[in-house]
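K.L.:
Sharing a structure, written as structure tokens. Questions coming.
The values are calculated or read from the model by the stated rules, or taken from the named source; none is laboratory data. Only a predicted model underlies this, so the values are computations on that prediction, with no experimental measurement involved. Heads up, the Cβs are rebuilt from the backbone with ideal geometry, glycines too, and the neighbour counts pull from every protein chain shown.
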Ligand code: PLP
């Protein structure tokens, strides 16, 4: 029964980001089936999943074509040793496909198990590259406060969300430097957007000069900070920070774990939306639309040429048992095929502006400080005071209160402290957008009533 399942889950499954005493009391909702943008729990209640799983179910769930591709590969050849003396056909085909879709000269792929390991792989590759060119001391990383790059020891240290760095864990602080989060909504009052941008760039340049350009290896940046609250940097920020990286011989790593595979209406947003050609792109999530765990670190010819030069004779000591797993790669190939065939990128370019426009109508609610985002990434920032932008006390868990009301009304939105974020499948319809906006409005109104009680 569902009750037994919930009990077993409580006893044995340690979920990500668990607050153990709360979990012991409340448990988790078992999800039994899924189709398109909808998920159904084991009581039979259906929800519109506006989060797209966890920023990942881009083509929507329950597609038999995907099941067939996965089953077919599972029957034909479920696993091959990925180390250099063997390969497998789906991995080779997918690497070539990604090289074709990625911008510039990003023609080489390290396959990983997800986004965190793609970020770790990027840094390992960077260290190896700097060593190959005789610059082992060039190993410092710039990233940003409020960024999220994953949950391994390294990727979490690169990330800059204060809540992800609790005192009980040690983080790498000697070679990772967090710059300010480029969030104009929270910029010092009175600064124009252009002045704020200049302030961010001045900070970046002075940090590089303080560390010493010869010691700074890379800048890790999400094109839009996702888990940090869907923060779209000021216009011109991407190009100007990329220019600073080029000026000081710093590699630009664009973490597109969320923003690729159609979320912003492009395969990759770095070039097609923001006009930059990174040296490395990390991706995962929409790469398989969540049907299989898979990530990738896609890197440039320039890096590849340096590490391939004969003579240095050292192995790139990095990789996983499941690097280029054939079933995951077969799922990614079918996923890409579906995005192409159903023209889902074009679809996002049509529905995305409508989603943004309709979501922004929620700004008339007394606790909605800002609705922001781009295409199919959106965030509602809830505030206690719209003028001062003061936040509710954290223990009020305002985002969670809203998402609980939304869930009761049949809508899944993701709470992050005082925020609610959404990233629906690319197949979302206008009617479903209207349902999301209408239901979320109701959930926020119910929360306001709770607060007044
Ligand atoms: N990078 C970004 C930008 C992410 O949003 C995430 C996950 O949300 C990750 C990396 C980590 O990916 P994963 O959870 O697949 O390891």
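K.L.:
Could you check, for region 272-282, whether at least one of its residues is part of a helix (DSSP H, G or I), touching a residue at least 40 places away in the same chain (Cβ under 8 Å), under 30 Å from residue 422 (Cα atoms) and away from the ligand (no atom under 12 Å from the Cβ)? Before you say what the answer is, go through the steps one by one.
P.N.:
Pass one, region 272-282, residues part of a helix (DSSP H, G or I): 272.
Within this subset, residues satisfying the condition of being touching a residue at least 40 places away in the same chain (Cβ under 8 Å) are 272.
Applying the additional criterion that residues be under 30 Å from residue 422 (Cα atoms) yields 272.
Next, from what is left, pick out any that are away from the ligand (no atom under 12 Å from the Cβ): 272.
Checking region 272-282: at least one residue is part of a helix (DSSP H, G or I), touching a residue at least 40 places away in the same chain (Cβ under 8 Å), under 30 Å from residue 422 (Cα atoms) and away from the ligand (no atom under 12 Å from the Cβ).
K.L.:
Let me ask something else. What are the residues in region 46-83 that are farther than 19 Å from residue 284 by Cα, touching a helix residue (DSSP H, G or I) at 6+ places or on another chain (Cβ under 9 Å) and assigned to a strand (DSSP E or B), if any?
P.N.:
47, 48
K.L.:
Can you tell me which residues in region 232-256 are in a strand (DSSP E or B) and away from the ligand (no atom under 12 Å from the Cβ)?
P.N.:
Passing the criteria: 251, 252.
K.L.:
Quick check on region 400-422. Is at least one of its residues assigned to a helix (DSSP H, G or I), out of contact with any helix residue (DSSP H, G or I) (no Cβ under 7 Å at 6 or more places or on another chain), buried (at least 21 other Cβ atoms within 10 Å of the Cβ) and not assigned by TED's automatic domain parsing to the domain that holds residue 291? Explain how you work it out, then say what you get.
P.N.:
Applying the first criterion (assigned to a helix (DSSP H, G or I)) to region 400-422 yields 400-408.
Now drop any that are not out of contact with any helix residue (DSSP H, G or I) (no Cβ under 7 Å at 6 or more places or on another chain), which leaves 400, 403-404, 407-408.
Narrowing the set further to residues that are buried (at least 21 other Cβ atoms within 10 Å of the Cβ) leaves 403.
Restricting the remaining residues to those that are not assigned by TED's automatic domain parsing to the domain that holds residue 291 gives 403.
The answer is yes; a qualifying residue exists.
K.L.:
Do we find that residue 101 is away from the ligand (no atom under 16 Å from the Cβ), in contact with a strand residue (DSSP E or B) (Cβ under 7 Å, 6 or more places away or on another chain) and either farther than 30 Å from residue 378 by Cβ or at pLDDT 95 or above (or both) in this structure?
P.N.:
Taking the combined requirement at face value, the residue does not satisfy it.
K.L.:
A further question on this structure: Return the residue satisfying two criteria in turn: it lies in region 128-154 and is in contact (Cβ under 8 Å) with a residue 40 or more places away in the chain, under 15 Å from residue 174 (Cα atoms) and outside any strand (DSSP E or B), and of such residues it is nearest to the ligand (Cβ to nearest atom).
P.N.:
139
K.L.:
Just give me the residues in region 110-124 being near the ligand (Cβ under 10 Å from one of its atoms) and either in a helix (DSSP H, G or I) or closer than 16 Å to residue 159 by Cβ (or both), in sequence order.
P.N.:
Here is the first cut: in region 110-124, the ones near the ligand (Cβ under 10 Å from one of its atoms) are 112-120.
114, 115, 116, 117, 118, 119, 120 - these are the residues of region 110-124 that are near the ligand (Cβ under 10 Å from one of its atoms) and either in a helix (DSSP H, G or I) or closer than 16 Å to residue 159 by Cβ (or both).
So that you can scan it fast, the table gives a plain yes or no per residue for (1) in contact with a strand residue (DSSP E or B) (Cβ under 7 Å, 6 or more places away or on another chain); (2) without any contact (Cβ under 8 Å) to a residue 60 or more places away in the chain:
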residue	(1), (2)
299	yes, no
336	no, no
360	yes, yes
367	yes, no
370	yes, no
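K.L.:
Residue under question is residue 209, and the condition is that it be within 16 Å of the ligand (Cβ to nearest atom) and in the same structural domain as residue 122 (by TED's automatic domain parsing); does it hold?
P.N.:
Spelling it out, it is not the case that residue 209 is within 16 Å of the ligand (Cβ to nearest atom) and in the same structural domain as residue 122 (by TED's automatic domain parsing).
K.L.:
If a residue has to be more than 16 Å from residue 441 (Cβ to Cβ) and touching a strand residue (DSSP E or B) at 6+ places or on another chain (Cβ under 6 Å) to count, how many in region 387-404 make the cut?
P.N.:
Looking only at that region, the number is 2.
K.L.:
State whether the residues of region 97-116 include one that is surrounded by fewer than 22 Cβ atoms within 10 Å (Cβ to Cβ), in the same structural domain as residue 222 (by TED's automatic domain parsing) and free of Cβ contacts under 8 Å to residues at least 12 places away in the same chain.
P.N.:
Within region 97-116 (the criterion being surrounded by fewer than 22 Cβ atoms within 10 Å (Cβ to Cβ), in the same structural domain as residue 222 (by TED's automatic domain parsing) and free of Cβ contacts under 8 Å to residues at least 12 places away in the same chain), the answer is yes, since at least one residue qualifies.
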